[in-house]
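Here the structure comes first, spelled out in C-alpha cells, and everything after it is commentary.
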Amino acid sequence: MKILFVLEHYYPYLGGAEKLFQQVAEAFAEDGHQVTIVTTLFKRELPKQEMINGVKIHRLACQSRFLFTFLSMPLVWKHASSTDLLITTTYNAALPSWIIGKLRRKKTILVFHEYWGKLWFSLPYLNLFQQTMFFAYEWLIIHLPFYQYIAVSKSTQQRLIGVGVPRKRISQIYNGIDYNSFRSYPWAPQGDFTLLYYGRLGISKGLNLLLPAWKAFKELGYTGQLQLVIPKYPQLLYREVCDMIRKLNFSGGDVQLFHELEEHILFTQVSKAHAVIIPSYSEGFCFVAVETMAIGTPIISSGKGSLKEVVNGTFIEIRELTTEGILEALEKSIKGDWLHTPNQLFPLEEARKKYIQLISQI
C-alpha cells in the first residue's frame, strides 16, 4: 500500500506527536508499505527531501504551521495522485488533507491527539481574537467527515464522542514506547532537589504557572534547581519563557535551560532528577509521562486530559492547576508525600500492531 502522511511537523522536530508519527511511518515502511511524508521545513538547514529509515520526506519551504494549511495543498495534491491512503493529524494539516482526499477520492484518517473546545479561552499567550479563531478552526475540523479517526487515549476518544463524532468511526490506539531503550537509565537522583520539565513548547504546557510557582518555592527557603529542557522554537513562545525567567529575577542556578539534547543525554538527565513535572492544561497522551515512568522517576502531574489515565507508578497529582496548586505539590514532593499505583505499560509494539491492523482492513 502507498501511504501519504500530511503533518505540520516531522522528525527531527521535538514533540510527542512527532515521535508517534516517526514510529508509525517507519513501522509501515518496515512492513513493506511505501511511505511518504509532506511536512514543513521548520529549520532552513534541513534538506527539502530525504529518506530516513525507509520513509521518503518532502519538506515544504514554509516554517509556519499556519501557512502550511494553505501552501501545502499543491504538494499534497501531487503526492495524493498515486497514494492509496492519507493519514493526517490535528490541527493545521487536517484541512488540506481532507480537501485533497475528497478531490482525489482517497480515504483519509485523522489522528486526533486532544480536543480542547472551550479550553481555548483559558489558555495563556493568546488574545481573544486568537482564542476565537482557534476555537472555530477546531470546530471546523471536528465536523469534517473523515473516513476514520484515531484517538490516542480514552480521554480523547470520549471527548470526540461527546462532540458528535460517530463511535464506530473512532479507533482508540495508545501511543507507545520501546521499553528496552530505557533499561540503561535507572532512576538515581543526586544532590539537591532537582525538578525537571522537558518537551516541546506549547501554549498548553503550563510553564506560565510553573515558573512563578518555582519562584515561590525558592522564596520559602527550599534548595534545589529547576531544569527546563525545551527547544528554541516557536521563537515567540521561547522569548515569552525567557522574559518570564528574567522578570522573576531568579538567583543564579535556580533555573537552568537546555536545548535539543541528544536522547541518551536527556534520559540520563531524567534519571538523575528527583521529579519530572507535567503542569499541562491538557494532554492527549503525553510521551514525557510514559518515558519518565519507564525510567522510574516520580512525576508531578496536572492530571488534565489523558494524564489521569496515563500517569501511574509514583506520582503527585496537582490539586488545582494554579501557581498555588503547583507550589503545594512541590512541597508534598519534598516531604515524600507520593501516591503509588501499579505500573501500566504502553509498549510500542502494541501500538504498531494496532496501526498495521487498522490499515490492513481498509
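Bear in mind these aren't lab numbers, they're just calculated from the coordinates by the rules spelled out. None of these values were measured; they are calculated from a predicted model. Reconstructed Cβ throughout: ideal geometry from the backbone, glycine too, with neighbour counts over all protein chains shown.
May I ask you to compute the full-extension gain from LYS354 to LEU46, defined as 0.36 nm times their residue separation minus their alpha-carbon distance, rounded to one decimal in nm?
107.7 nm
Once you place label points 7 Å from the Cα toward the Cβ at GLU328 and GLN256, how far apart are they in nm?
So the two model labels end up 3.1 nm from each other.
Restricting the calculation to Cα positions, tell me the Rg (one decimal) and the Dmax (whole number) of the stretch 179-340 in Å.
Radius of gyration, then largest Cα-Cα span, for the stretch 179-340: 14.5, 42 Å.
So how much slack lies between HIS264 and ARG167, counting 0.36 nm per residue of separation and subtracting their Cα-Cα distance, in nm?
Contour length minus the Cα-Cα distance gives 30.9 nm.
Which three extents, in angstrom, do the Cα atoms of the chain have along their principal axes, listed largest first?
Sorted from largest, the Cα extents of the chain read 63, 44, 43 Å.
Under the Kirkwood approximation for Rh and a Cα-based Rg, what ratio Rg/Rh is obtained for the stretch 90-198?
1.11
Arranged from highest to lowest average of other beta-carbon atoms within 10 Å per residue, in what order do the peptides 257-269, 305-317, 32-44 appear?
305-317, 32-44, 257-269
Through the Karplus equation 6.51 cos²θ - 1.76 cosθ + 1.60, θ set to phi - 60°, convert the phi angles of the stretch 274-279 into ³J(HN,Hα) values in whole Hz; use x for Gly and Pro.
Here the 3J(HN,Hα) series is 6, 7, 10, 10, 10, x Hz.
Which residues does the label zone of TRP187 cover in the stretch 340-356, counting backbone N under 14 Å from a point 7 Å along Cα→Cβ?
Taking a point 7 Å out along Cα→Cβ of TRP187, the residues of the stretch 340-356 whose backbone N falls under 14 Å are 340-344.
What's the Cα-based Rg to Rh of the stretch 1-146, Rh via Kirkwood?
The Rg/Rh ratio comes out at 0.97.
What is the local net charge at LYS118, summed over the other residues whose Cβ is closer than 12 Å to its Cβ (Lys, Arg +1; Asp, Glu -1)?
0
Provide the percentage of antiparallel DSSP beta bridges, counting only those with both residues in the stretch 179-340; round to the nearest 5.
Taking every DSSP beta bridge with both residues in the stretch 179-340, the antiparallel ones total about 10 percent.
Would you calculate, for the chain, the mean residue ellipticity at 222 nm contributed by helices, counting each DSSP H stretch of 4 or more residues as -39,500 (n - 2.57) and dividing by all residues, to the nearest 500?
-11500 deg cm²/dmol, from helical runs alone.
From a point 7 Å beyond the Cα of ASN180 in the direction of its Cβ, which residues of the stretch 1-28 have a backbone N at a distance under 18 Å?
Zone members listed by number: 23-24, 26-28.
Could you pull out every residue, at least 5 positions away or on a different chain, whose amide H is within less than 5 Å of the one on LYS107? Hs are placed 1.01 Å off N in the peptide plane, and Pro or chain starts have none.
It is LEU86, by chain and number.
Give me the extension gain from GLU320 to HIS340: residue separation times 0.36 nm, minus the current Cα-Cα distance, reported in nm with one decimal.
5.2 nm
With a cut-off of at most 11 other beta carbons within 10 Å, and DSSP calling the residue loop, which trypsin sites (Lys or Arg not before Pro) in the stretch 55-114 qualify? Please list them.
ARG105
Where in the stretch 158-182 does the amide nitrogen come within less than 17 Å of the point 7 Å from the Cα of HIS143, taken along Cα to Cβ?
In the stretch 158-182, the label zone of HIS143 (backbone N under 17 Å from the point 7 Å along Cα→Cβ) covers 160-166.
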